[in-house]
Amino acid sequence: MAETTTAKKTGSRSTKIGRVTSTKMSKTIVVQVIRKKAHPLYRRVVAKAKKFYAHDEKNTAHVGDTVEIEETRPMSKLKRWRLKNIIQKAKLVGGEEAALEAKLAQEKTAQEKTA
């Protein structure tokens, strides 16, 4: 009797590296990937940007983070990617930056009053 083996074909999934531009949706991030390519005629480097919707199960990514996304099965109308890992965290998030500036301004005015 001949035995047949069925092997799962696991192809390599495409990955991209980009920056998170939005985290306003639940478990979804928007990642902007910038691709640089030489113009075919003028040979000048042209940057093209494209946005990808990616699934972030634990909501770990924040705006400004550099992340790696991996191709996956369709999860919704627009989501075909999932967050693989966070390469670099953003230094300051938008709300924290404004709070830091307000705190510095407050300290500066306090120093001017004492001087």
Of 89, 27, 51, 79, the only residue that is on the phi > 0 side of the Ramachandran plot, surrounded by 12 or more Cβ atoms within 10 Å (Cβ to Cβ) and not small (Gly, Ala, Ser) is 27
Only one residue in 42, 53 is of a type in the set (Phe, Trp, Tyr) and over 10 Å from the mean Cα position of the chain (by Cα), so which one is that? 42
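None of the figures in this text is laboratory data; all of them are computed from the coordinates on show. All of these numbers come straight from a predicted model, not from anything done at the bench. FYI the Cβ positions are ideal-geometry reconstructions off the backbone, even for glycines, and counts take in every protein chain you see.
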